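Reading through the structure tokens given below for one structure.
The values are calculated or read from the model by the stated rules, or taken from the named source; none is laboratory data. Nothing here was measured: the structure is a model prediction, and the numbers come from that model. Methodologically, a virtual Cβ is constructed for each residue, glycine included, from the backbone with ideal geometry; neighbour enumeration extends over all protein chains shown. SASA here: full protein model, heavy atoms, side chains in, ligands and nucleic acids out. Shrake-Rupley method; radii C 1.70, N 1.55, O 1.52, S 1.80 Å.
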Amino acid sequence: MKRLILLSLICCILPSNLFSSNFFTTDETRKVQSQSEIQVISILNKAEKLRDSSYNQSVKIGKQALVLALETNNSNILASTYKSLGETYLRQGVFDSSEYYYREAIAQYKIVGDSLNIGKITGNIGILYRRTRKFNEALKQYYEALNIYKAVDYKDGTASVYLNIGGLHQTLGDFDRALDFYKYAQQIYEKLGNRKKLINIFINMGSLYSELKNPDQALSYRLRALDLNEETGNTQLKSTILLNIGESYFATNQPVKALGYLDQCEKLRIQLNDHWGMSKVFILKALAYEKINKNIKAEAYFKKSIQACIENQLFDDLKESYFFYSQFLEKRNHPKEAINYLKKYHFINDSLIAVFQNKAVKELTAKYESEQKEKELELLTQKSQIQNLEIGKKNSWIIILIIAMILGAVAIMVSLRINRLRADHKILNLRQKVLLTQMNPHFLFNSLTAIQSFILDKKNEEANNYLSRLASLVRGILENSREEFVPLRTELNTLKDYIGLQKLRFENEINYSFEIDQNIDQDQVLVPPMLAQPFVENALIHGMLRNNPHAKIQVKVSLSKNMDSVQFQIKDNGIGINEAKKSRTNTNHKSIATSIALDRVKIYNFKSAKKMNFEISDLKNNDPNQSGTQVTYSIPLHICES
């Protein structure tokens, strides 16, 4: 029960109003000249006001502003519009859309050099990562925002980051550190006289004391937060405070009082269309109704909670809903159904634990490797110092002996060099196989998550189809990883399986075509396995084909004019490599698949007298009306001898 409530209690500081008196400075206002720009600001102010009453209406109005903002060619206006949409989606709990618009806003703010707003958005992306349980990424974003705020001496922002870092540590169970950060934030807000932000401090302090099993102290802070919020009239915060007070009364065995506050919270969240927060209200109401023996209402709210969690993919809340509903059914003497929901609880719980264990292993591995490198560096330093002392004590006879030793060492080094070159050749062969066996873990994780989602949604046929395609692809990759070359037909079939699998996951009609030279015998011509797949993956992921309703990939295989090499051409109609590089720069993301492919080309060219040629070009460079990327590479012709 404690982990369930924690998700709804800790408050994250979101930015102040984006426009009117809060966002644009006087100088910025003077820059606004055109009627379109004035109209965009007016629409955004309207969208901001609607955010307290209806997220859907706020998004609708915000997208109207975006259409006009794109026409102004004004980076300040465009950045403000992206930022407004990002915040609305964040509050609504639509996190993928929120991050997309936030990233677009940062790109525009970088153009105009607005560090302060870059800091605000960076902090909000930290909140987004925290809500999606990417805690390491969230902490990185918080500290990046903190550095920006300190550089521009923005104390309000500094306090907000302290509050969010405290909330993250509280989520991870480090209560002492959480309390320290809350106090840092409280000191700054009290000096600034910012009563509105003190509300968030009281909300989080109430949550912390609830975690420490001190419900009376928790209730005291929450009631103080409610009184302060009446002065500011923030509807979103009020819904959070009402939920927290309801939890406190339930914890002190006062379910009727709890239901009174939870009813108010439910009405506000329906008004706000708050997808992310409704499941928490439903769980608490179900437990409260069960406490006063209104079992029909309790069961109805348990089912509402489960449905809300599945629709919004809130797996932590879904786990808790399954657990408490299982207990409810067991008490009502429905053992078969109780066992069924308990199995579902353990299935999700084991999945989440596996994710955290994997992260913990990676962190321990990184720490171990870092310590090992430090020890090696220390040993090298000690050896260097010893050698320097020995050199200072050498006499003429030792120098003569050293010369003789050097001559012998040179002879030994020449011999070792020859052996090393032979060993390097073997190592390159092994490295080629190791690189080939590397699959994108993110793709596998997303594939398994998609299968889990199909199962939870009872789409058994889709889940079975998806799993079969995935098994076929993995089997093909594992079989091919043992070979340096495979028939062209095998390579093309693996590529088709991969694209087909991605089509199922993205639920997007991705058109693709293969054009093979009729003079090529696909069973006799050999090519390195899985060399084309990374570039198709880049087209789908970084080329944004998954968001393109007219997505198309063309694969062309032909013989060179001299008939001595096979030429591959992979063309897509995505955003192009230049735009993709900008996007990766903004997100600090590197394409591991492409790096592996390029390493394989280098290894091949090192080993072989005949070289692979490789070229990546943006179609827009040749024709401004076109968009997309073209990858071209040639492989020396290999014919199967059998």
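Miscellaneous remarks
- Scanning the stretch 617-642 for residues that are open to solvent by 100 Å² or more (accessible area, probe 1.4 Å) and farther than 29 Å from Ile106 by Cβ, we see that the one that is modelled with the lowest pLDDT is Ser642.
- Residue within the stretch 150-157 that is in contact (Cβ under 8 Å) with a residue 40 or more places away in the chain and acidic (Asp, Glu) present: yes
- First in the stretch 515-544 and over 25 Å from Cys640 (Cα atoms), second anywhere and assigned to a loop (DSSP other than H, G, I, E, B) and among the aliphatic types (A, V, I, L, M), Cβ under 9 Å, 6 or more apart: Ala539/Ala551; Leu540/Ile510; Leu540/Ala551; His542/Ile575; Gly543/Ala551; Gly543/Ile575; Met544/Ala551; Met544/Ile575
- Checked across the stretch 566-581, the condition of being under 26 Å from Pro487 (Cβ atoms), touching an Asp or Glu at 6+ places or on another chain (Cβ under 7 Å), of a type outside the set (Asp, Glu) and at pLDDT below 90 holds for no residue.
Matching residues to (1) of a type in the set (Val, Ile, Thr); (2) over 22 Å from Thr240 (Cβ atoms); (3) open to solvent by 30 Å² or more (accessible area, probe 1.4 Å):
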residue: Leu78; (1), (2), (3): no, yes, no
residue: Thr81; (1), (2), (3): yes, yes, no
residue: Gly86; (1), (2), (3): no, no, no
residue: Asp96; (1), (2), (3): no, yes, yes
residue: Tyr102; (1), (2), (3): no, no, no
residue: Ala105; (1), (2), (3): no, yes, no
residue: Tyr109; (1), (2), (3): no, yes, no
residue: Gly113; (1), (2), (3): no, yes, yes
residue: Gly119; (1), (2), (3): no, yes, no
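- Of residues in the stretch 149-165 being aromatic (Phe, Trp, Tyr) and out of contact with any Phe, Trp or Tyr (no Cβ under 9 Å at 6 or more places or on another chain), the one surrounded by the fewest Cβ atoms within 10 Å (Cβ to Cβ): Tyr154
- Enumerated strands (runs of 3 or more DSSP E) restricted to the stretch 461-580, each holding at least 1 residues that are among the small types (Gly, Ala, Ser) and surrounded by fewer than 17 Cβ atoms within 10 Å (Cβ to Cβ): 511-516
- Residues satisfying the criterion are present in the stretch 133-144 (criterion: surrounded by 22 or more Cβ atoms within 10 Å (Cβ to Cβ) and either at pLDDT 90 or above or closer than 18 Å to Leu78 by Cα (or both)).
- Residue in the stretch 243-252 that is surrounded by fewer than 17 Cβ atoms within 10 Å (Cβ to Cβ) and not in a helix (DSSP H, G or I) present: yes
- For the stretch 38-81, a residue qualifies if it is closer than 26 Å to Asp274 by Cβ and of a type in the set (Asp, Glu), and the qualifying residues are Glu48, Asp52.
- Per-region count, the stretch 167-176, residues touching a residue at least 60 places away in the same chain (Cβ under 8 Å) and crowded, with 22+ Cβ neighbours inside 10 Å: 2
- Matching residues in the stretch 305-322 - criterion: being open to solvent by 20 Å² or more (accessible area, probe 1.4 Å), touching a residue at least 24 places away in the same chain (Cβ under 8 Å), not in a loop (DSSP other than H, G, I, E, B) and not acidic (Asp, Glu): Ile310, Asn312, Phe315
- A Cβ distance below 7 Å, combined with a sequence gap of six or more or placement on separate chains, defines the contacts here; from the stretch 127-144, residues that are farther than 15 Å from Tyr102 by Cβ reach residues that are open to solvent by 50 Å² or more (accessible area, probe 1.4 Å) and not in a helix (DSSP H, G or I) in the pairs Phe135/Leu172.
- Hey, Ser8 more than 19 Å from the chain's Cα centre (by Cα), open to solvent by 20 Å² or more (accessible area, probe 1.4 Å), of a type in the set (Ser, Thr, Tyr) and at pLDDT below 90 or not: no
- When the stretch 597-616 is limited to residues that are open to solvent by 30 Å² or more (accessible area, probe 1.4 Å) and part of a helix (DSSP H, G or I), the one that is modelled with the lowest pLDDT turns out to be Lys607.
- Cβ separations smaller than 6 Å between residues 6+ apart or across chains give the following pairs from the stretch 567-581 residues that are under 21 Å from Val525 (Cβ atoms) to residues that are of a type in the set (Ser, Thr, Tyr) and crowded, with 17+ Cβ neighbours inside 10 Å: Gln567/Ser558; Gln567/Ser634; Phe568/Tyr633.
- Residues of the stretch 177-218 satisfying the condition of being among the polar types (S, T, N, Q), surrounded by fewer than 22 Cβ atoms within 10 Å (Cβ to Cβ) and assigned to a helix (DSSP H, G or I): Gln186, Gln187, Gln217
- Any chance Leu526 is touching a helix residue (DSSP H, G or I) at 6+ places or on another chain (Cβ under 8 Å), at pLDDT 85 or above and over 26 Å from Lys620 (Cβ atoms): yes
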